[in-house]
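Q: I have a structure here, written as structure tokens, and I will follow up with some questions on it.
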């Protein structure tokens, strides 16, 4: 376990800036997921920490010591960078044993170390097999076991569940957190799958365009995304974004959607008169019979999504909205006029021009 | 085969006979129908026979045995162009010298529409599929995903008796998927279009199809509505293939005495799913009486937390914003539980849970075929 801190890291390849002054701290034993769309520099960041690349600017601290200019193998931090490719001529056992063997441990210690992780990952029955005799799932687990075997203080995992079928990915997603906790490692984990990020992370660092746009606990990112872009990267189906211009009426602040004034809360008083995007998650909208005060909309189609029903609706003024509800609830009939409502607390408001979340005067989106 | 079917396949086989290699029986005795206005999805993993089936319907592959008919008229010996079928799939690409707009418009030529009506239809379908910005580009200059949507648009604007769509939403960015699925479903339904789509993605099949034909090893396993596939899977394959996360499966030994029905969990017979006779129904009891073992299937969403019938020790508890996924250990096995709300339990805690007798699925251990669903006889 160690504390990792990167400060102001910048990295360009040729003239293309990949990372633009990023800073991030990971506490000892913490799992930090680096999440973002492809091509945003996630892998480059891991490789910089691993020492495969040197940063143009910035520094990497391990337990308070500057390690930026120390060669990777002299950093003394027992780092594991997961590599998918197993050595084809070696058994699963020897693959997993390789980081231990490299340290010249006695055979009994190597055997003990391999068997411990193999058992955790449920591959203890196939240790004698060559990689070609393993199923895809077993190969994946073997690669992960190899990364964990050396009890690294810092574990760098680069999208380890990529290229795994949905069933196995789900299984591994459930199994990974207890494994990573038991390893005691500080973990940096790269993924493009928001569900994986939410499921595994103590904190998620959202990397977009070479910068961390938001670093926070999973639920805070989901509920209070800093920008429209972050909001759209989390959630399935994607968050609804509706063009509004907040206005006041009486004592309240309102947004008008499809000719219906919706109270959005006092905290958005600063947004009055500005072009804004009202964000509301599909699972936060309730469909009822059409009635005064509700947003009128017509049902376009209902498309089941696992055990949820996703309904596409069109408001009277032409906005498309998605609503997601448990499949145990009754589906709205196609072409029916219905009324939509949502709780004020479930709204996030963004400045349309900048895409930034509009904050309350006291700096909190909502209590 | 019936004249009321928009499409019917009757005992259709496809055998590939590659040179100097063993023949491959890709589709085996496939019999199914598609009703007028219905959307049927062929769903399965690669090599299950779904694409061969689609290609036979389109006319790109010869039928080895059996009959394919549209509205009761056999078509499997007609060339593709004579079948009045609109297609969007790989190997049926856009015309490179034409812009996307002209590619889509070309499909409308035979309808001899006024120019303004033709361009209106092209514009509408392009808006629906979010490709208006590439209408004036050439196929070679757009991405694979855009080509796929342009090809889908070209098929959908046509008048045809049947629409064949291969992975229609395959390469779409996740942010667009839900809206485009909704629009496409509405478009197909509003126009009463009969369609067959092929996909390996059950999410797509569930979203778009009225009925899903699940294929495996060239054999149709079950054709049913998405709801029926979940509630009444025909066999263990369908039961575990359909549903995300997949169904939990336990090997059990049934035991009936003193007015109770117990399913003892193999490996730890101290643990059992234990029901009063009335909770599981007479037909199930009858089916169980002659068996020494059954596979018990339980959907992750059917597990109710907090009501004690059994206990499991929590391994993970993951909140994904709109649902909780929990893994828990019971009898050296992992059970997966899904809830629509946040569940306040920690790793290491024991959680009580219940499964209603009506939510049990019982399969034969040897064949995998269904014995009983939730107290309802088969």
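Values in this text are rule-based calculations from the coordinates and carry no lab data. Note that the structure is a prediction, hence the values are computed from the model and not measured. Positions of Cβ are generated from backbone atoms using ideal geometry, with glycine treated the same way; all protein chains shown enter the neighbour counts.
Q: Expressed in nm to one decimal, what extension gain is obtained for the pair residue A:292 and residue A:341 from 0.36 nm per residue of sequence separation less their Cα-Cα distance? Spell out each step's value before the answer.
A: Values: separation 49, 0.36 × 49 = 17.64 nm, distance 1.10 nm.
Here the segment from residue A:292 to residue A:341 would lengthen by 16.5 nm.
Q: Further question: For the Cα atoms of chain A, what angle does the longest principal axis make with the long axis of helix A:107-120, in degrees from 0 to 90, nearest 10?
A: Helix A:107-120 and the main axis of chain A meet at about 20 degrees.
Q: Averaged across A:169-176, how many Cβ atoms of other chains sit within 10 Å of each residue's Cβ atom? Don't jump to the answer; show the numbers that get you there.
A: Numbers: counts 0, 7, 5, 0, 6, 11, 4, 1.
Rounded to a whole number, the mean comes out at 4.
Q: Output the 0 to 90 degree angle, nearest 10, between the alpha-carbon long axis of helix A:166-183 and the longest principal axis computed from the alpha carbons of chain A.
A: Helix A:166-183 and the main axis of chain A meet at about 60 degrees.
Q: Going by Cα centres, the range B:97-145 and the range A:1-64 are how many Å apart?
A: One Cα centre to the other: 45 Å.
Q: Taking N as the number of residues in the range B:281-357, what is its Cα Rg relative to 2.2 N^0.38 Å? Please report the intermediate quantities before stating the final value.
A: Working: Rg = 14.4 Å, N = 77, 2.2 N^0.38 = 11.5 Å.
So the Cα radius of gyration is 1.26 times the expected 2.2 N^0.38 Å.
Q: Springs between alpha-carbon atoms under 10 Å, Gaussian network over chain B: tell me which of B:59, B:144, B:321 tops the mean-square fluctuations.
A: Per the Cα network of chain B with a 10 Å cutoff, B:321 tops the list.
Q: By what distance, in whole Å, do the Cα atoms of the range B:248-377 stretch along each of the three principal axes, largest value first?
A: 44, 28, 27
Q: I'd like the orientation of helix B:174-190 relative to chain B: the angle between its Cα long axis and the longest Cα principal axis, in ° from 0 to 90, rounded to 10.
A: Once rounded, one gets 70 degrees.
Q: What shape does the range B:1-104 take by its C-alpha gyration tensor, where a ≥ b ≥ c are the square roots of the eigenvalues and a/c under 1.5 counts as rounded, a/b above b/c as prolate, and the rest as oblate? Numbers along the way, then the final one.
A: Numbers: a/c = 1.81, a/b = 1.16, b/c = 1.55.
Oblate is the answer for the range B:1-104, as a/c is 1.5 or above yet b/c matches or exceeds a/b.
Q: What nm value, rounded to one decimal, do you get for the distance between residue A:10 and residue B:277 when each label is placed 7 Å out toward the C-beta?
A: That separation, rounded to one decimal, is 8.1 nm.
Q: Take the alpha carbon atoms of the range B:163-189, find their center, do the same for the range A:135-188, and report the distance between the two centers in whole angstrom.
A: 33
Q: A further question follows. Give, in nm to one decimal, the length gained when the segment between residue A:53 and residue A:217 is fully stretched (0.36 nm per residue of separation minus the Cα-Cα distance).
A: Working: separation 164, 0.36 × 164 = 59.04 nm, distance 2.87 nm.
This chain segment gains 56.2 nm when fully extended.
Q: Take peptides B:74-87, B:239-252, B:25-38 and line them up by average Cβ neighbours within 10 Å, highest first, as a rough protection proxy.
A: Working: B:74-87: 16.0, B:239-252: 20.4, B:25-38: 18.4.
The peptides rank, most packed first, as B:239-252, B:25-38, B:74-87.
Q: Percent of alpha carbon pairs in the range A:232-351 separated by more than 26 Å? Present the calculation step by step, with values, prior to reporting the outcome.
A: On the way: 1282 of 7140 pairs.
For the range A:232-351, the fraction of Cα-Cα distances above 26 Å is 18 percent.
Q: Using label points projected 7 Å from each Cα along Cα→Cβ, tell me how many nm separate residue A:165 and residue B:342, to one decimal.
A: 3.5
Q: While we're looking at this one, here's another question. Over chain A, what is the percentage of antiparallel beta bridges among all DSSP beta bridges, to the nearest 5? Intermediate results must be reported in sequence, preceding the final value.
A: Numbers: 63 of 80 bridges.
Just about 80 percent of them are antiparallel.
Q: Which whole number gives the average, over all residues in B:183-195, of C-beta atoms from other chains lying within 10 Å of the residue C-beta?
A: On the way: counts 6, 2, 6, 9, 2, 1, 4, 4, 0, 0, 0, 0, 0.
Partner Cβ neighbours, averaged per residue: 3.
Q: Counting just the Cα atoms, what span does the range B:90-167 cover along each of its three principal axes? Round to the nearest Å and put the largest first.
A: 31, 26, 23
Q: Along the Cα→Cβ direction, 7 angstrom out, place labels at residue B:225 and residue B:350. What is the inter-label distance in nm?
A: 4.2
Q: Determine, at each q value in 0.19, 0.23, 0.25, 0.27 (inverse angstroms), the log₁₀ of I(q)/I(0) that the Debye formula gives when each Cα of the range A:195-269 is one equal point scatterer.
A: With no solvent term, the Cα-only Debye profile gives -0.85, -1.00, -1.09, -1.18.
Q: Provide a whole-number value for the mean count of partner chain Cβ atoms within 10 Å of the Cβ atoms in peptide A:305-314. The partial results should precede the final answer.
A: Numbers: counts 7, 11, 12, 4, 0, 6, 2, 8, 1, 3.
Mean partner shielding for this stretch: 5.
Q: For residue B:257 and residue B:290 in the same chain, what is the full-extension length gain: residue separation times 0.36 nm, less their Cα-Cα distance, in nm? Intermediate values should be presented prior to the final figure.
A: Numbers: separation 33, 0.36 × 33 = 11.88 nm, distance 1.39 nm.
Taking 0.36 nm per residue and subtracting the Cα distance, the gain is 10.5 nm.
Q: Taking every pair of distinct Cα atoms and averaging 1/r, then inverting, what Kirkwood hydrodynamic radius in Å comes out for the protein assembly as shown? Walk me through the numbers before you get to the answer.
A: Values: mean 1/r = 0.0346 Å⁻¹.
For the protein assembly as shown, inverting the mean 1/r across all distinct Cα pairs yields 28.9 Å.
Q: What does the convex hull of the Cα atoms come to per residue for the range B:257-302, in Å³? Can you show the working numbers first?
A: Working: hull volume 4.5 nm³, N = 46.
So the per-residue Cα hull volume is 97 Å³.
Q: Principal axis lengths of the range B:236-280 from Cα atoms, whole Å, largest first?
A: 36, 25, 14
Q: Related question: Can you give the percent of C-alpha pairs in the range A:4-226 whose distance is more than 33 Å?
A: Details: 4010 of 24753 pairs.
Tail fraction, whole percent: 16.
Q: While we're looking at this one, here's another question. What's the long-distance tail for the range B:7-237, i.e. % of Cα pairs beyond 21 Å? Show your work: numbers first, answer last.
A: Details: 14923 of 26565 pairs.
Percent of Cα pairs beyond 21 Å in the range B:7-237: 56.
Q: Hey, how many Å between the Cα centroid of the range A:264-290 and the Cα centroid of the range B:197-215?
A: 35
Q: Sticking with this structure for a sec: Would you work out the Kirkwood radius for the range B:46-114? I mean one over the mean of 1/r across all pairs of different Cα atoms, in Å. It would help to have the intermediate numbers written out before the result.
A: Numbers: mean 1/r = 0.0711 Å⁻¹.
Kirkwood hydrodynamic radius for the range B:46-114: 14.1 Å.
Q: Is the shape of the range B:177-302 best called rounded, prolate or oblate, per the rule: a/c under 1.5 gives rounded, else a/b larger than b/c gives prolate, else oblate, with a ≥ b ≥ c the square roots of the Cα gyration tensor eigenvalues? Please report the intermediate quantities before stating the final value.
A: Values: a/c = 2.75, a/b = 2.65, b/c = 1.03.
Verdict is prolate for the range B:177-302.
Q: GNM, chain A, Cα, under 10 Å: largest mean-square fluctuation among A:136, A:240, A:95?
A: Per the Cα network of chain A with a 10 Å cutoff, A:136 tops the list.
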